1. Output the residues belonging to the stretch 32-42 that are surrounded by 13 or more Cβ atoms within 10 Å (Cβ to Cβ) and assigned to a helix (DSSP H, G or I).
2. Looking at Lys15, Lys29, which one is surrounded by 10 or more Cβ atoms within 10 Å (Cβ to Cβ), of a type outside the set (Val, Ile, Thr) and out of contact with any strand residue (DSSP E or B) (no Cβ under 6 Å at 6 or more places or on another chain)?
3. Tell me which residues, restricted to the stretch 1-12, are in a loop (DSSP other than H, G, I, E, B) and surrounded by 10 or more Cβ atoms within 10 Å (Cβ to Cβ).
Amino acid sequence: MLDANANVDVDLAGKTVKIETTVHLDAVKSVIEDAGYDVIGV
């Protein structure tokens, strides 16, 4: 787990996720990509 205090907003219809966290962007992107998802529009 990267940040237990992160705010995550998931829009299933829009197929988007917004994340507010204090964790460095590269770490967040890496975890998302490792899970098999694309990171677009950072």
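1. Listed by number, the list holds a single entry, Ile32.
2. Values: Lys15 fails: surrounded by 10 or more Cβ atoms within 10 Å (Cβ to Cβ).
Just a single option satisfies the conditions, and that option is Lys29.
3. Listed by number, the residues that qualify are Leu2, Asp3, Ala6.
For (1) small (Gly, Ala, Ser); (2) at pLDDT 95 or above, each residue gets a yes or a no:
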{"position": "Ala6", "(1), (2)": "yes, yes"}
{"position": "Asp9", "(1), (2)": "no, yes"}
{"position": "Val17", "(1), (2)": "no, no"}
{"position": "Thr22", "(1), (2)": "no, yes"}
{"position": "Val31", "(1), (2)": "no, no"}
{"position": "Asp34", "(1), (2)": "no, yes"}
{"position": "Asp38", "(1), (2)": "no, no"}
{"position": "Gly41", "(1), (2)": "yes, no"}
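The values are calculated or read from the model by the stated rules, or taken from the named source; none is laboratory data. Since the model is a prediction, treat every value here as computed from it, not as a measurement. Every residue, glycine among them, receives a Cβ derived from its backbone with ideal geometry; neighbour counts consider all protein chains shown.
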